[in-house]
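Scroll down for the structure; my scribbles are underneath it.
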Amino acid sequence: MYVIPGPASPVLSSRVATKLNLPLAKVVYSVFPDGELYVKVEKGVKDAVVIQSIRSSDDIVYLMLLFDILSNYRLIAVVPYMGYARQDRAFNEGEAVSIRAIAEFLENHAEKVISVNLHSREAASHFKNLVEIDAMTEIGRYYIGQDVIMISPDKGSLERVKVAAKVAGCEYDYLEKVRIDAETVEIYPKNIDVENKRVVIVDDIISTGGTIAKAAETLKASYIEAACVHAVLAANSLNKLFSSGIKDVIATDTVEQAVSKISVADLIAEKITEVCELY
Ligand code: R5P
């Protein structure tokens, strides 16, 4: 059994391979002059754990090509960041349910699909047999012993933040919208006064940065940072965050970025050992 590092997850793949004591396959990824993608896996690789986040459409094509090369063997697909999960239903008539198509594609090729903090229960429901990992525990572990308050940007994310706060052993709260008059809505922490406190706004994904920036602008705390599992970080999002008063951004390595200071390698290696037969 090999670990195949997808081009979106080279560092995480190497960490997981080390933890599982499995060889890391040598793979060539390149792009033809016309934009088509190319993959070559070293000779002798058969059964494999393929680790590849889906941040872009190219990432899906790379997975498709890897699956083609290894179609005669046992495959475990680890997709640490499952892109396309926000289109988890047809919001308007005629729209594709993108995550349903991705789920079918992955499950057709891999005996197990493992992912980290899918965007929603609705998204997860399109998989028949998904194994999901909660990395909020690792965010919590990162903050153990630090004097912080964790804030969820909305009530919907509160359950996730609660997991991180419990591991960190800190207080937590969520932001609530309060309508002042017809034109004005203000946002406050529901229960805790955060003035003069070190606040961490915790979310599952930072994409455009809009959600966290808006929360930071409304919070009157002396120091605010942001933590997330998936640092998708669309263009200009870090600028937006720092301009809103955020002092630091911390994320896991499900999407490999400069801010990926926390690794989910342990969680992935443990989960693979738990749910798959390795040899
Ligand atoms: C929303 O449901 C998610 O939990 C995140 O809050 C959202 O995806 C963040 O996106 P953005 O950074 O673009 O505001």
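The values are calculated or read from the model by the stated rules, or taken from the named source; none is laboratory data. Note that the structure is predicted; figures quoted are calculated from it, not measured. Quick reminder, even Gly has a Cβ in these numbers, built from the backbone with ideal geometry, and neighbours come from all protein chains shown. Ligands, DNA and RNA are excluded from the accessible area calculation, which covers all protein heavy atoms including side chains. Shrake-Rupley method; radii C 1.70, N 1.55, O 1.52, S 1.80 Å.
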For the chain the mean separation of alpha carbon contacts under 8 Å (6+ apart) over residue count, i.e. relative contact order in percent, is 15
Relative contact order %, the stretch 137-262, counting alpha carbon pairs below 8 Å whose residues are six or more apart: 22
Near PRO5, within a Cβ-to-Cβ distance under 13 Å, what is the net charge of the other residues, with Lys and Arg +1 and Asp and Glu -1? -2
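Of all the accessible heavy-atom surface of the stretch 171-279, with the other protein chains kept in place and a 1.4 Å probe, what percent is carbon and sulfur? Could you put the intermediate results ahead of the total?
Numbers: 2520 of 5310 Å².
Of the solvent-accessible surface of the stretch 171-279, carbon and sulfur hold 48 percent.
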For the stretch 84-96, Karplus-derived ³J(HN,Hα) couplings (6.51, -1.76, 1.60; θ = phi - 60°; whole Hz; x for glycine and proline) come out as 6, 7, 6, 8, 9, 7, 7, 6, 10, 4, x, 7, 6
Quick check of the Kirkwood formula: for the chain, what is the inverse mean of 1/r over all pairs of different Cα atoms, in Å? 19.9
Helix check for the chain. Which DSSP H runs span at least 18 Å along their own axis by Cα, with a mean Kyte-Doolittle hydropathy no less than 1.0? 57-69
Place a +1 charge on the Cβ of each Lys and Arg in the stretch 137-262 and a -1 charge on the Cβ of each Asp and Glu, then give the dipole magnitude about the Cα centre in debye, rounded to the nearest 20. 120
In units of 2.2 N^0.38 Å, what is the alpha-carbon radius of gyration of the stretch 137-262? 0.99
Among the listed pairs LYS19/LYS128; LYS155/LYS220; LYS162/LYS197; LYS162/LYS271, those beyond 25 Å (Cα-Cα): LYS19/LYS128
Report Rg/Rh for the stretch 1-124, rounded to two decimals, where Rg is the Cα radius of gyration and Rh the Kirkwood radius. 0.98
Would you mind working out the magnitude of the charge dipole of the chain relative to its Cα centre, with +1 at each Lys and Arg C-beta and -1 at each Asp and Glu C-beta, to the nearest 20 Debye? 480
